[in-house]
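Some notes on the structure that comes next.
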Amino acid sequence: MIASEIEIDIRFSETDAMGVVWHGNYLKFFEDGREAFGRAYGLEYLKIFDRGYFTPIVKSEIDHKAPVFYGQVIKVITRYVPAKSAKIQFEYEVVNMTTRELCAVGKTMQVFLDKETRVLELITPEFYRQWKVDNEV
């Protein structure tokens, strides 16, 4: 399984009135993880777009395990999950680097939409099939 990691400093604007990271920000952290993964493995959003596709999220899951507070640092570990169908799946771990606690785990699923017609691709695009071969996934 191929993976990437990114560290993120928690900003004041990412917390709620209790000083805890607001739960909705974890989806942003997952996005940061996907972007880091894309840069590391040549699967950036703009490259996908240039090949004629959007890849919207159609499913997301988050299990919150421990709080994160303003001023702490987290690490987002993003793991690619192979699939035979025309979709991109990831699993995530969010680790508080300050406390060394596992703070959240999650999953996302993306599909391919033709950027011109906005029609769902049921067949895996050729560039993505080649990407899987090149990355041995």
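Readers should treat all values here as calculations from the given coordinates under stated rules, not as data from a laboratory. This is a predicted model, so every value here is computed, not measured. Note: ideal-geometry Cβ built from the backbone for every residue, glycine included; neighbour counts use all protein chains shown.
Can you tell me how the stretch 1-61 classifies by the Cα gyration tensor, rounded, prolate or oblate, using a/c under 1.5 as the rounded cut?
Numbers: a/c = 2.59, a/b = 1.92, b/c = 1.35.
The shape class here is prolate.
Along the charge dipole of the stretch 33-110, pointing to its positive end and built from +1/-1 on Cβ of Lys, Arg, Asp and Glu, which listed residue (Pro56, Pro82, Tyr70) has its Cα farthest out?
The residue sitting farthest along the positive end of the dipole is Pro82.
In percent, how large is the relative contact order of the stretch 47-107, given Cα pairs closer than 8 Å and 6 or more residues apart?
Details: 93 pairs, mean separation 21.4, N = 61.
Averaging sequence separation for qualifying contacts and normalising by length gives 35 percent for the stretch 47-107.
Over all alpha-carbon pairs in the chain, figure out the percentage whose distance exceeds 26 Å.
Numbers: 2602 of 9316 pairs.
Here the long-distance tail beyond 26 Å is 28 percent of all Cα pairs in the chain.
Taking the chain as a Gaussian network, Cα atoms linked when under 10 Å apart, which of Val58, Val21, Val68 shows the biggest mean-square fluctuation?
Of Val58, Val21, Val68, the Gaussian network model singles out Val58 as fluctuating most.
For the chain, modelled as a Gaussian network with Cα springs under 10 Å, which listed residue fluctuates most, Arg39, Arg79, Arg118?
Of Arg39, Arg79, Arg118, the most mobile in the Gaussian network model is Arg118.
Among Ile88, Ile77, Ile57, determine the one that fluctuates most according to a GNM of the chain built with springs between C-alpha atoms less than 10 Å apart.
Taking springs between Cα atoms under 10 Å, the residue moving most is Ile57.
Per 10 Å bin, what percent of the C-alpha pairs of the stretch 29-99 does each bin hold, from zero upward?
Percent of Cα pairs in each bin: 17, 47, 26, 11, 0.
Taking the Cα centre of the chain as the origin and placing charges on Cβ (Lys, Arg +1; Asp, Glu -1), which of Phe29, Val133, Ile123 is farthest toward the positive end of the dipole?
Ile123
Dipole magnitude of the chain about its Cα centre, charges +1 at Lys/Arg Cβ and -1 at Asp/Glu Cβ only, in debye to the nearest 20?
Working: 18 positive and 21 negative charges, 58 e Å.
So the magnitude is around 280 debye.
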